Amino acid sequence: MPVRVMVSARIEEKDREAFEEAYRSVAAAVRGTPGHLRDELLRDAEEPGRYVLLAEWESEQAFRAWEDAPGHRETAAPMFPYWSGGGIERRIYDLRVRLDSVPSHG
């Protein structure tokens, strides 16, 4: 069953551009990892210092295999210096229902 991994973090104003670039480099490094489907970086429109990293994985097992792999921390390390104040929260959600607004062409 697909899962979404959501990480919420607050980023200092002076670091936002550098954080977004670090995110791009980490996302590029994760691309192609078995079970990884996609990543998105969202910035709160009402609170610009709040970001949400949203990753989609084929299963929780695939995500945890990557998370537990020896190179995981090294791969994600470029983002770590920008996570300030301990305001980081990570959650894993099972995809239960998906409704698309645009019908697929098939």
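Within segment 23-71, the set of residues being in contact (Cβ under 8 Å) with a residue 40 or more places away in the chain, among the acidic types (Asp, Glu) and surrounded by 15 or more Cβ atoms within 10 Å (Cβ to Cβ) comprises 56, 60. Of all residue pairs spaced 6 or more apart or on separate chains, those with beta-carbon atoms under 8 Å, a first member in segment 1-15 that is over 13 Å from residue 41 (Cα atoms) and open to solvent by less than 30 Å² (accessible area, probe 1.4 Å) and a second member that is assigned to a strand (DSSP E or B) and not basic (Lys, Arg) are 3/56; 3/57; 3/92; 3/93; 3/94. Tell me which residues, restricted to segment 72-91, are among the β-branched types (Val, Ile, Thr) and either surrounded by 15 or more Cβ atoms within 10 Å (Cβ to Cβ) or free of Cβ contacts under 8 Å to residues at least 12 places away in the same chain (or both). Correct list: 75 only.
The values are calculated or read from the model by the stated rules, or taken from the named source; none is laboratory data. None of these values were measured; they are calculated from a predicted model. Using ideal geometry, Cβ is built from the backbone for each residue, glycine included, and neighbour counts are taken over all protein chains shown. These area figures cover heavy atoms from the full protein model, side chains too; ligands, DNA and RNA do not enter into them. Shrake-Rupley method; radii C 1.70, N 1.55, O 1.52, S 1.80 Å.
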